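The values are calculated or read from the model by the stated rules, or taken from the named source; none is laboratory data. Since we're looking at a predicted model, the values are computed, not measured. Note: ideal-geometry Cβ built from the backbone for every residue, glycine included; neighbour counts use all protein chains shown. Calculation scope for accessible area: heavy atoms of the full protein, side chains included, ligands and nucleic acids excluded. Shrake-Rupley method; radii C 1.70, N 1.55, O 1.52, S 1.80 Å.
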Amino acid sequence: SGLAGYDARKLLEVADLQREAGDLEGALWSLQKAADGDPQFLPARMQHAEMLIELDRLVEAVAAVESLAKDFPQAPYADHLMGLVHLARAEDQAALESFRAAFRKEPSSLLATRVYQSMVATEGLEPAVAFLEQWVAANPDDGFVGQVLAQAYHQLGRTSQAVQLFEKTLAQSPDNPLLLNNLALAYAESGDERALDHARRAYELRPGAPEIADTLGWVLVKQGEVLEGLRHLRDAQSRAATDAGISYHIAVAL
């Protein structure tokens with residue numbers, strides 16, 4: 001970082017490496033240098049503010065966000081980051097207002113998801129789902145938000161709609177383990193025998209994920225392969241010991 005001087009792009013790369021190495025304070029210092037060296041280089045300024053929020057240095061984060069708002073008043077970045085500040089302070093309604101302001105300036109998949117999550121916290125799941133449905137109707141190829149909406153349908157018990165949307169988004173990303181996992185769960189609830197195939201494919205793609213091992217184990221148990229299912233469920237529990245859902249699945253299998 002010292003050798004990079006004030007080269008913002010090099011400092012951003014260094015900060016990424018420092019972060020991966022667990023040196024968060026070093027990464028923050030590099031990002032501050034990058035922002036000082038090139039105030040127009042948005043990636044560094046945004047990551048600097050995000051890291052301040054992550055480190056719970058919220059007074060400094062607000063100052064960084066206000067500076068962004070002054071320099072880029074028509075852009076959504078400051079509103080988005082202020083929404084994250086409000087979330088860190090458990091100010092759900094204020095977070096929703098900030099995310100909505102950002103979304104109005106520049107609608108995107110990320111901001112649509114932020115608005116949805118804040119609506120769930122403040123207004124409930126049904127209004128939030130209605131908002132997402134409008135976005136997906138206008139952006140039918142948005143697989144990211146489509147997946148979020150499918151999960152919401154699943155949560156509401158609207159299984160057939162969840163399956164239909166999961167299948168559509170999986171066609172766009174056939175090797176996405178999370179999509180395969182969620183579709184396997186939806187298939188299992190509706191008694192579709194394709195559940196096991198999808199659960200196995202998800203597990204092959206990401207065997208270390210406890211939620212995916214849990215799904216595979218649960219589908220196996222539901223289809224009568226209890227011993228093999230228990231093996232995967234116990235593996236999932238070893239990686240996520242506090243997950244009550246996994247413990248429940250193990251209890252059912254036993």
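Summary table
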{"read-out": "Solvent exposure of the range 145-184 as accessible area per residue, Å², 1.4 Å probe", "value": "40 Å²"}
{"read-out": "Percentage relative contact order, the chain, counting C-alpha pairs under 8 Å, at least six apart", "value": "7 percent"}
{"read-out": "Rg ratio (alpha-carbon, reference 2.2 N^0.38 Å) - the range 181-225", "value": "0.98"}
{"read-out": "Computed label-point distance, nm, for sites Ala241 and Ala69 using a 7 Å Cα→Cβ extension", "value": "4.4 nm"}
{"read-out": "Euclidean distance between Cα centres, the range 98-147 to the range 195-254, Å", "value": "31 Å"}
{"read-out": "Cα-based helix-to-principal-axis angle, 92-105 vs the chain, degrees rounded to 10", "value": "70 degrees"}
{"read-out": "Relative packing of 246-252, 111-117, 187-193, which averages over residues the other C-beta atoms within 10 Å, highest first", "value": "111-117, 246-252, 187-193"}
{"read-out": "Relative contact order (percent, whole number), the range 192-254, Cα cutoff 8 Å, 6+ residue spacing", "value": "27 percent"}
{"read-out": "Spacing of the two label points (7 Å from each Cα toward its C-beta) at Phe144 and Val59, in nm", "value": "3.4 nm"}
{"read-out": "GNM result for the chain, Cα springs below 10 Å: residue of Val129, Val85, Val62 fluctuating most strongly", "value": "Val62"}
{"read-out": "Whole-percent pair-distance distribution, where bins are 5 Å wide, for the alpha carbons of the chain", "value": "1, 7, 11, 12, 12, 13, 14, 13, 9, 5, 3, 1, 0"}
{"read-out": "Share of carbon and sulfur in the accessible heavy-atom surface of the chain [1.4 Å probe, %]", "value": "51 percent"}
{"read-out": "Using alpha-carbon coordinates, inclination of helix 226-239 to the longest axis of the chain, degrees", "value": "20 degrees"}
{"read-out": "Computed label-point distance, nm, for sites Ala251 and Glu91 using a 7 Å Cα→Cβ extension", "value": "4.1 nm"}
{"read-out": "Distance cut-off 16 Å, percentage of C-alpha pairs in the range 162-253 lying past it", "value": "48 percent"}
{"read-out": "Tilt relative to the chain, helix 42-54 - C-alpha long axis, 0 to 90 degrees, to 10", "value": "70 degrees"}
{"read-out": "³J(HN,Hα) computed for each position of the range 200-216 - Karplus, 6.51 cos²θ - 1.76 cosθ + 1.60, integer Hz, glycine/proline x", "value": "5, 4, 4, 5, 4, 7, 8, x, x, 7, x, 5, 7, 4, 4, 4, 4"}
{"read-out": "With all protein chains modelled, accessible area of Arg201 [1.4 Å, Å²]", "value": "80 Å²"}
